Each structure stands twice: as C-alpha cells, then as structure tokens.
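Have a look at the structure below before the remarks.
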Amino acid sequence: MTTMPEDLHFMQRALDLAASTIALASPNPQVGCVVVKDGEIIGEGVHLYETRDHAEIVALRQASSSTAGVKGATAYVTLEPCSHFGRTAPCADALIAAGISRCVVATGDPNPFVSGTGLQRLRDAGVEVRVGVLEQAARDINEAFAHFIQTRTPFVTLKAAISVDGKLAPPLANRAPGKPHWITGPEARAEVQRLRHASDAVLTGINTVLADDPAYTDRTGLPRRRPLLRVILDTHLRIPLDSQLVRSASTGGTPNEDLLIFCDSAAAAAKIAALEDAGAEVEPIVSHNGRLSLPAVLADLHDRSIVSLLLEGGSHLNGSFLTQRLVDKVVLFCSETELGEAALPFAAGFPSPFLLEQSLRRTTNAIFGPPDRPDSCLTGYLTDPWPPTSA
C-alpha cells in the first residue's frame, strides 16, 4: 500500500514529539500524537509519566478547543492506542468518542497480550485504521520498552571506548590511580552523556570504580523524571566511602536512591551500614564462585522498573555480560590512539572487538570530533529488541 505524503509528514511530527520525551516517560513508552483536520494540525500531545495522561488524550484536549472541531479528523499516533484500563481509561475509546474518523498508527503495541486489540476496537467502531507508517523509526524510539515488556529484563546497551588496536585502557601500572584515561575526544564523550541521559541506569564493576573513581552522572543538564540510577557490582564491598559515587549519593544527609550497590550476602555488616549511612542502597544478592549472578542483578533491576541499562564496565564485566548473552545493543567508540599489546582487552575472553562486530545486526556508523582526530562510533544489535508483530 502506497503511503500518502501527508501521512509521512504528520507521522514524522508525531515521532518528533515522542522523541522529545527521553527520560520523561519511563517506565512507560514514549508516545506522540497529532490530530489533523483539513490538512492542519489542531492538536498535539505526548505522554509524560508524571502527568499520567496519554499522548492521545493531550492531543484531543487541545484539538477540542479548535474552531475546526475534532469530528472527522485524523489522528496520527506513534504507538497503538491502548484498549485497557490502567492508570488511565482506554485511548481507543477516547478517539472513538471524540469522532476521529481515521487513525494512522506507526506500530502495534509490543505487549503480546494486548497487541492489536486497540486497533480492532477502532475498526469495530468504524474508524479507518492504517498501521505501519514510519514503523521502524517508531520501534527504534521504544526499543528498550518493547524488550522490557517481552523479556521482563532491562534492555542492556554495552558502551565502550576502544583504541585502534582494540584495547580498552592502558595497563593499571601505567595509570594514575583514581584518574580516568580518556581514549576518545570531547565530542564522543558528549555522546556518551546523551546515552546516559536516555538510560534509566548505568552499571559498572568495582574494578572500574577503584581504577577511575568515576561519578557516572547525567551531565546533559536536561530534565529527567527520576535520577540516573548508578549500579555498582561489588562482591566484597571494596568501594571507598570517599569515592565520588558514595559522596554524591547523599544530599544534605538524606538518602538518595541514585546509587545501588550489589554485594555478596556475606559482605561485612559494618561496611553495609556505613554505605547506607552515606546515602547508598546496598543489596546482597546471590553469587556463584565468588561472582555475583548477573541474571539475578537484571531481575532485581526489572523489579525496580529499570527499562534501559547502560553497561559502562571494564574488561571482565564486558566479557561476562557478552559470554552470558546478556547484551542487547553495542555502542563502540573507536579512537585513532594505539595502546599496545599489554593494554587491557575490550572484553575478557574476546580476542578482539572487531570479531564482535561480525555478530552485530542493523549496524550504523557515525563520526565524532574534528577531521584531524576523528572518533568513529559503531552501533549494532545482538538481539532483536522488537520481534515482528501481526498488528
């Protein structure tokens, strides 16, 4: 079926609206809606978690005050209108009641238990329904949400900066303790901040904390609904109380839920108490052979409604996530710096990140930085975040 130019135009506007809600809708999906009559936009809306109202309701409310009126209008929605009662009433019913005569939907609901029901309700009411306009773009916006709904685990993105010879960092003996070693330039590091802002949580291991003393904060300055959750895997609770992570976990002596430390159940009670007094949350979790169970960590994060997880680990943690097939998406920044054979590998157990590249699907490439010192960025998928639906 040929897509009309006006459908592409107005759906792109709805997608732009949905994309504008990064970090403001989770754990719900990002949705945009545009109501059009006689070729003119008479209402627009997005879903923000805090306001509860879905994008369709916001757009209809705005459209109802227009002189054109809503009856006979077309609604463009980036995600299938819901048909069930949750925190709000069904959006499909609201569109029908408002007199919408045509509904153009980018993609169906990723939840297999409700997918297609909203579309069918609209059709049963006599509304003309078109599905699949700019579908891949809509799926990309909500890839983490779809994965979360379908697998009941966070969508894990592994981010790493590597040298041209595939290394992660110089040997520890060649580095000043507590000082990060930058491989990429400021433009690439700004992109990392964008990735953090788009994530519900960032995860790393204790070895990286001890080597770099990172803060792992969202420094974009953009609004977010809830603080970026910094997650540390620290079996024996070796994290220093004066580390940047612990110091930034407390605000005026009031515990802040933005630092979560997973440890072994045998960790020292005194250290747990000291960290909790400093504002961190400490969560003992099952371990095997001295290593924390990564599936158990992901299950705990799911229960905390962490939809998207950015893995910023060291060599061993990267290797563990990859060998256990727990990574969904990979973002590799590659600089022109050469670190040498003795440097730390990108992932323990993987001879080269360039071999991993061969396993990635739907890869894209970007360049950050000036022409005389560019950093390349490869993005690809190890899993399908949103298997095809029959909507």
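A161 fulfils the conditions (1) modelled with pLDDT of 95 or more; (2) outside the structural domain of I100 (by TED's automatic domain parsing) except for a single criterion, (1).
Can you tell me which of E56, E80 is in contact with a strand residue (DSSP E or B) (Cβ under 8 Å, 6 or more places away or on another chain), among the acidic types (D, E) and farther than 19 Å from H147 by Cβ?
Within the list E56, E80, the selection yields E56.
Candidates are the residues of the stretch 74-124 that are over 28 Å from the mean Cα position of the chain (by Cα) and among the basic types (K, R); the one that is surrounded by the most Cβ atoms within 10 Å (Cβ to Cβ) is R121.
Filtered by the rule that a residue be within 20 Å of R304 (Cβ to Cβ) and surrounded by 22 or more Cβ atoms within 10 Å (Cβ to Cβ), the stretch 206-219 gives a lone residue, Y216. Taking the stretch 83-137 as the range and being in a helix (DSSP H, G or I) and in contact with a Gly (Cβ under 6 Å, 6 or more places away or on another chain) as the test, only A92 passes. Quick check: anything in the stretch 32-46 outside any strand (DSSP E or B), within 19 Å of C91 (Cα to Cα) and of a type outside the set (S, T, Y)? No, because not a single residue in the stretch 32-46 is outside any strand (DSSP E or B), within 19 Å of C91 (Cα to Cα) and of a type outside the set (S, T, Y).
Is one or more of the residues making up the stretch 208-215 modelled with pLDDT of 95 or more and within 22 Å of the chain's Cα centre (by Cα)? No, the stretch 208-215 contains no residue that is modelled with pLDDT of 95 or more and within 22 Å of the chain's Cα centre (by Cα).
Criterion applied to P227, P186, P240, P170 was being in contact with a Leu (Cβ under 7 Å, 6 or more places away or on another chain) and assigned by TED's automatic domain parsing to the domain that holds A347, and the one residue passing it is P170. Can you name every residue in the stretch 58-88 that is at pLDDT below 85 and among the aliphatic types (A, V, I, L, M)? Within the stretch 58-88, A68 is the sole residue that qualifies. Among residues of the stretch 349-367 being under 21 Å from the mean Cα position of the chain (by Cα) and among the hydrophobic types (A, V, I, L, M, F, W, C), the one that is nearest to S335 (Cα to Cα) is A366.
The values are calculated or read from the model by the stated rules, or taken from the named source; none is laboratory data. Since the model is a prediction, treat every value here as computed from it, not as a measurement. When we count neighbours, we look across all protein chains shown, and the Cβ atoms used for this are built from the backbone with ideal geometry, even at glycine.
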